[in-house]
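Student: For reference, the structure I am asking about is given below.
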Amino acid sequence: MSTPGLAALPATLAEGVAEAQTTWPAIRVDEGAFAAHLASKMGDGAEGLRVSDLFLAYACSQRDPAAIAVFEANYFGEVEAARRRFDALPVTGDDVIQRVRQKLFLDDPPALAGYAGRGDLRGWLRAAVLHMLINIATREARERPTEGGFFDAVVDVGADAEAAYLKQACRAEFEEAFSAALSRLDARDKMLLRYAFADGLNVDQIGAVFRVHRATAARWVQKARDRLVGETRADLMTRLRVDEDEAGSILRAALSRMGTTLLRRLG
């Protein structure tokens, strides 16, 4: 570990490289090239950089057979778990595996070269596979109608096919996360959201109820909505084991509009 490239890195990163080599003893990389790769991922600093995950991802992006074998043995269970979320894909399970391999290891550049090292590699893979499957379902199969008024209430009726397939793939987790977020709101926030989105009151009417200016009412409603969305995102991060950006992508597709039945569970 005395090569100039690694020696120039912060001590915590050099230690992380040593740990990665212990974790993945069958994998070898050019240390100088990997040091440059790590430096490119540092951004504002080394803190929080997942060196062991970056080590494995980098070795795979170099198409190292040992690294690819380790990656598949340790992470490809996520591919099958994601595939099971889709009940009518127009491709076989083997085809999904081959497409994932192509995307991760063989494309130019391989998708793993873009892994930033700030979030869990398993969560990164889960999100990447989910997005790939959404793309397959969107482009290669007709959209299938689904049941369930509750989830439909929070998805824009004009949403694109990606949102429709996110509904199918993450429906249960979203409903659970959303319901849990509702339960954690205080009484005033619940009342504000019920008035605004279930009863359809405007900010002048809500202001009159609370005896505040319409601007104050508008600010309260927005804060209550932001709190609901934030709580839902945090819960999704736990349930789906994804990072904040990945959970945000799901929410952007799902919470494109608050429908009139969205807050039915508030009573």
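The values are calculated or read from the model by the stated rules, or taken from the named source; none is laboratory data. For clarity, every value in this text was computed on a predicted model and none was experimentally measured. Ideal geometry is used to build each Cβ from the backbone, glycine not excepted, and the neighbour counts take in all protein chains shown. All accessible areas refer to the heavy atoms of the entire protein, side chains included, with ligands and DNA or RNA removed. Shrake-Rupley method; radii C 1.70, N 1.55, O 1.52, S 1.80 Å.
Student: Please work out the FRET efficiency for the pair A215 and T238, using the Cβ-Cβ distance as r and a Förster radius of 30 Å; give the result to the nearest 0.05.
Tutor: 0.25
Student: Any chance you could run the full-extension gain for E175 through D30? It's 0.36 nm times the residue separation minus the Cα-Cα distance, nm to one decimal.
Tutor: 47.6 nm
Student: Using a 1.4 Å probe, what is the accessible area per residue for the stretch 33-98, in Å²?
Tutor: 46
Student: Over 5 Å intervals from 0, what percent of Cα-Cα pairs in the stretch 44-123 sits in each interval?
Tutor: 3, 14, 24, 24, 17, 11, 5, 2, 1
Student: Evaluate the distance, in nm, between pseudo-label points positioned 7 Å from the Cα of D186 and of Q102 along their respective Cα→Cβ axes.
Tutor: Using points 7 Å along Cα→Cβ, the separation is 5.4 nm.
Student: Per-residue accessible area for T92 at 1.4 Å probe radius, Å² rounded to 10?
Tutor: T92 exposes around 90 Å² with every protein chain in place.
Student: Further, regarding this structure: Which value, in Å² and to the nearest 10, is the accessible area of R239 when all protein chains are kept and the probe is 1.4 Å?
Tutor: Result for R239: roughly 100 Å² accessible.
Student: Need one value: the accessible area of H131 in square angstrom, 1.4 angstrom probe, rounded to the nearest 10.
Tutor: About 80 Å², ignoring ligands and nucleic acids.
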